[in-house]
Structure formats: C-alpha cells, structure tokens
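Report on one structure; see the data block that follows.
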Amino acid sequence: MSTATLTIDLGALTANWTALGSMGRAEPGAVVKANGYGLGAARVGRALAKAGARTFFVAVAEEGAALRQALGPGPVIYILSGHMAGDANMLGDMDLTPILNSLDQMIRHLESLPGHPFGLQLDTGMNRLGMEPSEWAAVRDIALAQDPQLIISHLACADEPDAAMNTDQLATFRQMTSGLDCPLSLANTGGILLNQAYHFDVTRPGIGMYGGMPFDRARPVVSLDVPVIQCRDVAPGDAVGYGRAWVARRPSRIATLSTGYADGILRCLGDRAAVWADDVRCPIVGRISMDLIGVDVTDTPSDPRSVALLGPQQGIDTLADAAGTIGYEILTSMSERYTRRYLGG
C-alpha cells in the first residue's frame, strides 16, 4: 500500500471527553466542527453519542446536516455561525439549532422559522462573533421572550491560565447574563481546565478531546504511519530534494516517504521535524514536496518499510511546535488520501 495510514483511536477520544466532562457538574457538549477536527465527524460523533454526548457544536449548517444524518434524531446540534441567508430549509428539515450572532440573524430566524429553537452568542471581548453589550442591551428582552435554548460566549485566551482577559470575559459574561433563566455556556477545553467558575451549564470540549493541548493529560488519539517508497545511499556533498536545501555531511542513507504537503504535511517542516522508525529518530531532510518527503535513516539498523510521523514518540503538538503552528492545524490538515483506520468507539 502506497498511502499513509491515519489511525484514529475513538476509545481514547471518548475517554478524553469523559475526563473533561468529569471536571465539573456542567453537561459536556462536544465540538465536532471541521469534519470532527479532520478525523471524520460521522465516526467521531457516533462514538461520542454512544459515550453519552447529547449536545454537539459545528461551524456551519451543512456540517450540521451531515452530522444529523450520522446521528439520527435526538441529539441537539448547534450551528455556531448562526442562521445564514439560505439556511432556513436545512435548519428546519434537519432539526438544527442556530446560535444567533446578531440582530440581523435574529430577525432572519424569527421571520423564516417562527417557533424553531435557537441559541444566542454574546461577544465578551473577543470581537469575532456575537452581540456586543450595546446590541445585546437593545434586543435582550425581545430575544429572551422567544425562549433561547442556550446562550454562549467564547474565551480568547483560555489556553493561557494567567491571562487577565479570562477573568475580564468571565465578568462580562456574568454581567450580560445576570438574572437570566437560560442555560449558559462559556468554557472550551481551556476554559474547562481553568476552574469551575467558567463551566456554567454546558461546556464545549474540542481540542482536548482530540488529544491536544492545553489538556496535558489527554490520551493520544491519532497516529500516522507513512510507507517508505525507496532508500538510497548519498555521499558527502550530495543534495536531497528541491533547491539543494539539504546537503549530506556524511555518508547517509535516505528514505523517500509517500506523503507531502498535498497531504497536509506543512512544507515548513522540512529540516525542522523528524519521523520515527521504531525508537530511532529520523530527521526530515530537504524540502517537503507535494507527495514526497526525504528522511535520514542512516542510524536505523535496517531500511524501514514505514515510519511514524505521529505516534507515541511524537504527538500533534510536538509536530505543531516544529511548524510554528498549533495542534488544531495539524489535525485539520490531514489528507483525505490517507487510509483511515478506526479503533474502538
């Protein structure tokens, strides 16, 4: 087989969800946007539902419709982008609940789907989505009279426990929701880990479920094993790959791997990251190309048939650090070309 194998441990994912949910008394929802952070929203969603999840969050209505087909009736599916123009039929037919982000969205929703459930998002300082305090003050009574199912906001710095913005946003959210008889939600993974003051009624675990920071006790969820196409000897002074970006300083054995930036392996990782052949670290050498990567396997006892780009020795955040990015981007960049293998769940 010439394609890499992405192994997704649904048992580890649901264990991470359960662990995050056990940190307080709030109901743990589950964020499965971006196709379940690149791992397959249908499989991820069904595993979480089997583990007890009843509330899901996705980014757009189309994602919600696909998730509803996977889950069937029952679980609540919130659409974080709200009610966009043209969404009414999909929201109604697929029983999706938009999180309304503005007065315009609220008018659109109440006019096109009167009586259909909805939630609301308040902007507590992130300046991304949601009603600002002045807008909320103007429409609050009208909105509450329509019986919203959930009111949320989003933390901008939850992965930085000492950031003053966390307490500022918490105070603003409390002020904007004071006296309301409606379920509230503020905490993403980082917010869950801050303390229970951020939990309110529903939490929204995301990256921590998938094995990423800031949940440092998360079980690894993904591994990526890449086949070796060819190995060759390279003499000192010989170059590997485009642009002579890497030149051998010693007699070297170079393996060419069947993956590249077309598969989501970020091009900037060339000469900055490594793969693993069992317990031997094998540096990436030269530039990552569209479908191929060169790695130095000189120190392995024999030519490997495959190597691990993600696995026990190297998780998504280690690879992200080498790329100067975050684990989210590593996960959501994973290629559809990979063979996907699911465990558990």
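Evaluating MET126 against the criteria (1) open to solvent by 30 Å² or more (accessible area, probe 1.4 Å); (2) free of Cβ contacts under 8 Å to residues at least 40 places away in the same chain; (3) in contact with a Leu (Cβ under 8 Å, 6 or more places away or on another chain) leaves one unmet condition, (2).
Can we say THR167 is in contact (Cβ under 8 Å) with a residue 24 or more places away in the chain, hydroxyl-bearing (Ser, Thr, Tyr) and either part of a helix (DSSP H, G or I) or out of contact with any helix residue (DSSP H, G or I) (no Cβ under 9 Å at 6 or more places or on another chain) (or both)?
no
For GLY208, state whether it is over 19 Å from the mean Cα position of the chain (by Cα), in a loop (DSSP other than H, G, I, E, B) and modelled with pLDDT of 95 or more. Answer is no for this residue.
Which of the strands (runs of 3 or more DSSP E) contained wholly in the stretch 216-325 include at least 3 residues that are of a type in the set (D, E, K, R)?
By residue number, 222-234.
Can you tell me which residue within the stretch 266-285, out of those that are charged (D, E, K, R) and within 15 Å of VAL247 (Cα to Cα), is most open to solvent (accessible area, probe 1.4 Å)? In this case the residue turns out to be ARG272. Exactly one residue out of ASP299, ASP317, ASP291 is open to solvent by less than 50 Å² (accessible area, probe 1.4 Å) and of a type in the set (D, E, K, R): that is ASP317. Checking THR7, THR18, THR14 one by one, the residue that is open to solvent by 40 Å² or more (accessible area, probe 1.4 Å), at pLDDT 95 or above and β-branched (Val, Ile, Thr) is THR18 and no other. Within the stretch 176-186, being touching a residue at least 24 places away in the same chain (Cβ under 8 Å) and more than 12 Å from PHE200 (Cα to Cα) holds for MET176, LEU180.
A search for C-beta distances below 8 Å between a residue of the stretch 25-39 that is on the phi < 0 side of the Ramachandran plot and free of Cβ contacts under 8 Å to residues at least 40 places away in the same chain and any residue that is open to solvent by less than 50 Å² (accessible area, probe 1.4 Å) and of a type outside the set (Asp, Glu), counting only pairs 6+ apart in sequence or on different chains, returns VAL32/ALA41; VAL32/VAL44; VAL32/GLY45; VAL32/LEU48; VAL32/PHE56; VAL32/PHE57; VAL32/VAL58; VAL32/LEU67. Consider the stretch 198-224. How many of its residues are more than 30 Å from LEU150 (Cβ to Cβ) and open to solvent by 60 Å² or more (accessible area, probe 1.4 Å)? Matching residues across the stretch 198-224 total 1. Could you tell me which of the residues SER252, SER223 is of a type in the set (Ser, Thr, Tyr) and touching a residue at least 60 places away in the same chain (Cβ under 8 Å)? Going through SER252, SER223 in turn, the sole match is SER223.
The values are calculated or read from the model by the stated rules, or taken from the named source; none is laboratory data. Treat the numbers as computed from the prediction; the structure is a model and nothing was measured. Because the Cβ atoms are built from the backbone with ideal geometry, glycine has one as well, and the counts that use them run over all protein chains shown. Areas reflect the complete protein model, heavy atoms only, side chains present, ligands, DNA and RNA absent. Shrake-Rupley method; radii C 1.70, N 1.55, O 1.52, S 1.80 Å.
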